[in-house]
Amino acid sequence: MLELQYESVIDGNVVRWGKMACRDKNKGKKGGGQGGMALIAIHGTPFSSQVWRRILPHLTGRFTVYYYDLVGYGQSEMREGQDVSLGVQNGVLAGLIEEWGLERPHVLAHDFGGATALRGYYLNGLRYGSLTIFDAVALPPWGSALVQHVRKHEKAFSEMPGYMHEAMLRAYLQTAAHRTLSEEAFEIYSEPWLGEVGQAAFYRQITQMDQTYTDEVQGLYGKMDCPVKVLWGEQDEWIPYGKGEALAAMISELPCEVVRDAGHLVQEDCPEAIVAAVLGTWLRKK
């Protein structure tokens, strides 16, 4: 498990985050402070920074790694009436980068994390050393059948008995992966969303999913001023592979790379593909 050792208040929200120092003190210093270049890992929905637990330890030979739970997710603050939409997440990213004192950090982003990184770049003027982005919420349409249904009936879902919510949550999580999730994975991804606070927060973030937040930035997409690698799970049932091809054509000089035998949750299906993509993107920059 990744440890979130720190917390910061960004735009009125308590954000929990962690940091793993670069193991090789002689690797580059730019953007990462002492002990290596900086890389920020940004998770998606309905997950937390724990999706990176099998990936980030393999990147600390090159990078000082920063990771955090999006506002309203994981160990970050959850409260009634909270705005946890994509409309606030890029501002939180910008605030964290400023607090961390990073210059052109490398970025690894998945799902809503991808939307957050893109909005940060095109709307907030953030600049990255490189971007590795996969199975991202970036182009319409997006939002599963469950998302559409919950948005119409949030109160009924948020007040259902806990055992029913947990059973539905587990079934929903499995649809993100191509391979059968381990019991460990189910427990890690379910835990933040259980109990009175967590259950309400789960449906809160779903009801705030709004395509407006990708529509308003899509028209700005263009080739980015850093190496960009787009990869996509071939078996992604949430966002089909064709969206990856379209996104790569807009923002990268390289075509989208397919990840065989992987669904939307590539971190569980094929974590080694993500490690290879990050390190390969960085090497192309050298």
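Identify, by number, the condition in (1) within 21 Å of Gly72 (Cβ to Cβ); (2) open to solvent by less than 20 Å² (accessible area, probe 1.4 Å) that Leu194 doesn't meet. If we test Leu194 against (1) within 21 Å of Gly72 (Cβ to Cβ); (2) open to solvent by less than 20 Å² (accessible area, probe 1.4 Å), just (2) comes out false.
Among the residues of segment 68-93, those that are more than 15 Å from the chain's Cα centre (by Cα) and either among the aromatic types (Phe, Trp, Tyr) or open to solvent by 10 Å² or more (accessible area, probe 1.4 Å) (or both) comprise Glu77, Met78, Arg79, Glu80, Gly81, Asp83. Condition check: at pLDDT 95 or above, out of contact with any Asp or Glu (no Cβ under 7 Å at 6 or more places or on another chain) and on the phi < 0 side of the Ramachandran plot. Does Tyr221 satisfy that? In short, yes.
Any idea which residue in segment 79-93 is nearest to Tyr66 (Cα to Cα), counting only those that are part of a helix (DSSP H, G or I) and among the aliphatic types (A, V, I, L, M)? Per the criteria, the residue is Leu93.
Could you please let me know if Thr116 is modelled with pLDDT of 95 or more, hydroxyl-bearing (Ser, Thr, Tyr) and more than 17 Å from Leu247 (Cβ to Cβ)? Here the answer is no, as Thr116 does not meet what is asked.
Every condition in (1) outside any helix (DSSP H, G or I); (2) more than 17 Å from Thr45 (Cα to Cα); (3) open to solvent by 70 Å² or more (accessible area, probe 1.4 Å) is met by Met164 except one, and the failing one is (1). The single residue among Leu118, Leu96, Leu108 that is open to solvent by less than 20 Å² (accessible area, probe 1.4 Å), outside any helix (DSSP H, G or I), out of contact with any Lys or Arg (no Cβ under 9 Å at 6 or more places or on another chain) and under 26 Å from Trp52 (Cα atoms) turns out to be Leu108. Return a yes/no flag: does segment 57-67 have any residue that is assigned to a helix (DSSP H, G or I), open to solvent by 10 Å² or more (accessible area, probe 1.4 Å) and touching a residue at least 40 places away in the same chain (Cβ under 8 Å). Yes, there is a match, as at least one residue in segment 57-67 is assigned to a helix (DSSP H, G or I), open to solvent by 10 Å² or more (accessible area, probe 1.4 Å) and touching a residue at least 40 places away in the same chain (Cβ under 8 Å).
The values are calculated or read from the model by the stated rules, or taken from the named source; none is laboratory data. Source: prediction; values computed, not measured. As a convention, Cβ positions derive from the backbone with ideal geometry for all residues, glycine included, and neighbour counts pool all protein chains shown. Surface areas here come from the heavy atoms of the whole protein model, side chains and all, with no ligands, DNA or RNA. Shrake-Rupley method; radii C 1.70, N 1.55, O 1.52, S 1.80 Å.
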